[in-house]
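Heads up, the thing below is written out as structure tokens.
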Amino acid sequence: MSGAAPALPARRERSFLAFDYGLKRVGVATGNTVLGQAQALKTLHEMGDDRFVAISALIAQWQPDELVVGVPFHPDGAPHENTQRAQRFARRLQGRTGLPVHEVDERYSTVEAQAGGARDLDAAAAAVILQQFLDQQA
């Protein structure tokens with residue numbers, strides 16, 4: 001019997017699509033646990049069921065293992081109308097895709113995206129949300 005410690009199980013690579021939900025637009029970003037970095041993809045302008053058609057096309061293209069949705073709160077942590085809308089969007093995503101969906105507190109994601117000089121603010125905010133999630137996974 002050797003004195004070596006047993007090998008830890010390898011952490012499985014996971015890929016993600018993240019969404020910054022809004023009534024008129026949804027920012028989208030991608031990332032994975034290998035690089036640990038989020039990248040802004042695009043902003044969806046589709047509404048209603050067309051929005052989910054566009055999201056389904058992105059899922060088919062990127063084939064993520066899991067999804068991340070930013071959920072807004074007031075600065076003091078209290079929920080508001082958009083909190084419930086984003087949570088409902090997350091539930092619909094999970095129901096339509098069957099993929100695990102993680103909710104992330106997205107307070108100040110748009111401010112951070114603006115500070116970074118983003119041209120596509122919604123997609124950049126989705127990248128901020130996903131980066132926050134990836135950093136918590138490390």
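Summary of values
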item	result
Identified option (computed volume of the Cα convex hull per residue in Å³; candidates [x] 108; [y] 388; [z] 144)	[z]
Inter-centroid distance (Cα atoms) of the range 59-138 relative to the range 13-34, Å	7 Å
The range 79-138: translational diffusion in µm²/s, Stokes-Einstein, Kirkwood Rh over Cα pairs, 20 °C, 1.002 mPa s	170 µm²/s
Cα gyration tensor shape of the range 27-86, rounded if a/c is under 1.5, else prolate or oblate by comparing a/b with b/c	oblate
Between 0 and 90°, nearest 10: helix 121-137 axis offset from the chain longest Cα axis	30 degrees
0 to 90° range, to nearest 10: angle between helix 48-62 axis and the chain longest Cα axis	30 degrees
Segment Arg14-Gln136, length gained on full extension (0.36 nm per residue, minus Cα span)	42.5 nm
Paramagnetic reach from Arg91 in the range 106-138 [backbone N under 20 Å; point 7 Å along Cα→Cβ]	106
Gained length - His45 relative to Phe73, 0.36 nm times residue gap less alpha-carbon distance	7.8 nm
Over the chain: helical MRE at 222 nm, DSSP H runs n ≥ 4 each giving -39500 (n - 2.57), nearest 500	-13000 deg cm²/dmol
Inter-probe distance in nm under a simple model that places probes 7 Å from Cα toward Cβ, at Leu23 and Ala60	3.1 nm
Taking the chain and dividing mean pair separation by its residue count, relative contact order in percent (alpha carbons under 8 Å, at least six apart)	32 percent
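Rule-based calculations on the coordinates, nothing more; no lab input. Quick caveat, the model's predicted, so the values are computed rather than measured. So basically every Cβ, Gly included, is an ideal-geometry build from the backbone, and we count neighbours across all protein chains shown.
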